[in-house]
Structures are given as structure tokens and as C-alpha cells.
1. Can you name the condition, by its number, that R109 falls short on among (1) part of a strand (DSSP E or B); (2) touching a helix residue (DSSP H, G or I) at 6+ places or on another chain (Cβ under 9 Å); (3) modelled with pLDDT under 85?
2. Can you name every residue in segment 87-109 that is touching a residue at least 40 places away in the same chain (Cβ under 8 Å) and open to solvent by 70 Å² or more (accessible area, probe 1.4 Å)?
3. Just to be sure I understand, how many residues within segment 6-24 are part of a strand (DSSP E or B) and exposed (fewer than 13 other Cβ atoms within 10 Å of the Cβ)?
4. Scan the strands (runs of 3 or more DSSP E) fully inside segment 41-89 and keep the ones with 1 or more residues being of a type outside the set (G, A, S), over 14 Å from L102 (Cα atoms) and in contact with a His (Cβ under 7 Å, 6 or more places away or on another chain).
5. Which residue is nearest to the chain's Cα centre (by Cα), if the candidates are limited to segment 21-50 and must be over 18 Å from N78 (Cα atoms) and touching a residue at least 40 places away in the same chain (Cβ under 8 Å)?
6. The conditions are (1) touching a Leu at 6+ places or on another chain (Cβ under 7 Å); (2) at pLDDT 95 or above, and V28 fails exactly one of them. Which is it?
7. Scan V84, V50 and give me the residue that is at pLDDT below 95, open to solvent by 60 Å² or more (accessible area, probe 1.4 Å) and more than 14 Å from M1 (Cα to Cα).
Amino acid sequence: MLVFEKAVIKRYWPKEDQGEDGQTIHQVIMQAEAEIDNSDQIGALYTDMVRGLVHLSLMDNLTGEEYEIPSVTIKPFNIKQKKVTLSKGDEADVVKQEYVALSLVCRAREDDGATMLADLYRFFNIEIQLTFSEFRYQDTGTTDAEA
């Protein structure tokens, strides 16, 4: 399990893709920035990216409200630095903080993804916690003969 305590969703938008059988797949692309606490997080994030699918949980740091996305693909990411001011005034301390710029591809649960877009708005541009965990296959209850 990988946890980023301080993250912000910067942008998200719907996208349609074509499956192998010509079926339309509704997706949501999400761009987020997460503050890096230690270098072990980068190694775990890389492992999750290579693994393919992961489970993602978003939690509002103020209210504790949580939203789960069962299957997410992590695209190649960038490590960046930005200056953070610790105090105000003429003698303000400025430090460099490392963060990771993520692009995540999420499969929409509904046919059009509109509900997912509305749900994500509650977490947009506020400080949240991102938790990546191992992908768990969810059985739909159909057998191969029924499909």
C-alpha cells in the first residue's frame, strides 16, 4: 500500500477509447500532484505503474470523506521541485519540496462516466490523501457461458 498524505487533483476530464471488440470504453483521465515524503514512495509508485492496474482511494483531509476507484492505471510520472514559503514577512523561510506529477487513467463505473466526474468534483483542487493498493478483481457474477 502506498499513501501520499498531501495531494491535489489539478485536472480531470472524460475520454472514450475503443476496446478490442470495437466496444466504447468510457474513461476519466486525472492529473494530480502529490507531495513526496521519502524516496521509498517513488519506488513503490514505479512498481504500481509497472504492475498495470491498482486500486485508488481518495480521502478529503478535512472531512474524512472517501471515494474509491477500483481500477486505475498510472502513466509515466515526473518528479519535480517547487519552493514553499514557511512563514510570512521579510525573513520568510523558503524550502524546496519534492512532489510527483501523476497522470491516472480511471475506468468509469457507469456507461458514460458523468456520475464519476460529478463525484470527483468534491475532491477537486483541495488537499486530499491518495492511497494506492493492490488491484482486486471484482466478480460481476456472470459466467463465461452467460457472457
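1. (1)
2. Across segment 87-109, the qualifying residues are E98, R107.
3. As a first pass, look at segment 6-24 and keep what is part of a strand (DSSP E or B): 6-18, 24.
Subsequent filtering for residues that are exposed (fewer than 13 other Cβ atoms within 10 Å of the Cβ) retains 11, 13, 16-18, 24.
Of the residues in that region, 6 qualify.
4. On the way: elements: 53-60, 66-74, 78-85.
By residue number, 66-74.
5. So in segment 21-50, the residues over 18 Å from N78 (Cα atoms) come out as 21-28.
If we keep only those that are touching a residue at least 40 places away in the same chain (Cβ under 8 Å) too, we end up with 25-28.
Values: I25: 19, H26: 17, Q27: 13, V28: 11 Å.
Step by step, filter segment 21-50, then rank; the result is V28.
6. Among (1) touching a Leu at 6+ places or on another chain (Cβ under 7 Å); (2) at pLDDT 95 or above, the lone unmet condition for V28 is (2).
7. Working: V84 fails: open to solvent by 60 Å² or more (accessible area, probe 1.4 Å).
So the residue among V84, V50 that is at pLDDT below 95, open to solvent by 60 Å² or more (accessible area, probe 1.4 Å) and more than 14 Å from M1 (Cα to Cα) is V50.
The values are calculated or read from the model by the stated rules, or taken from the named source; none is laboratory data. Remember, predicted model here, so these are calculated numbers, not experimental data. Backbone-built Cβ (ideal geometry, glycine too); neighbour counts: all protein chains shown. Heads up: the accessible areas ignore ligands, DNA and RNA and are worked out on the full protein's heavy atoms, side chains in. Shrake-Rupley method; radii C 1.70, N 1.55, O 1.52, S 1.80 Å.
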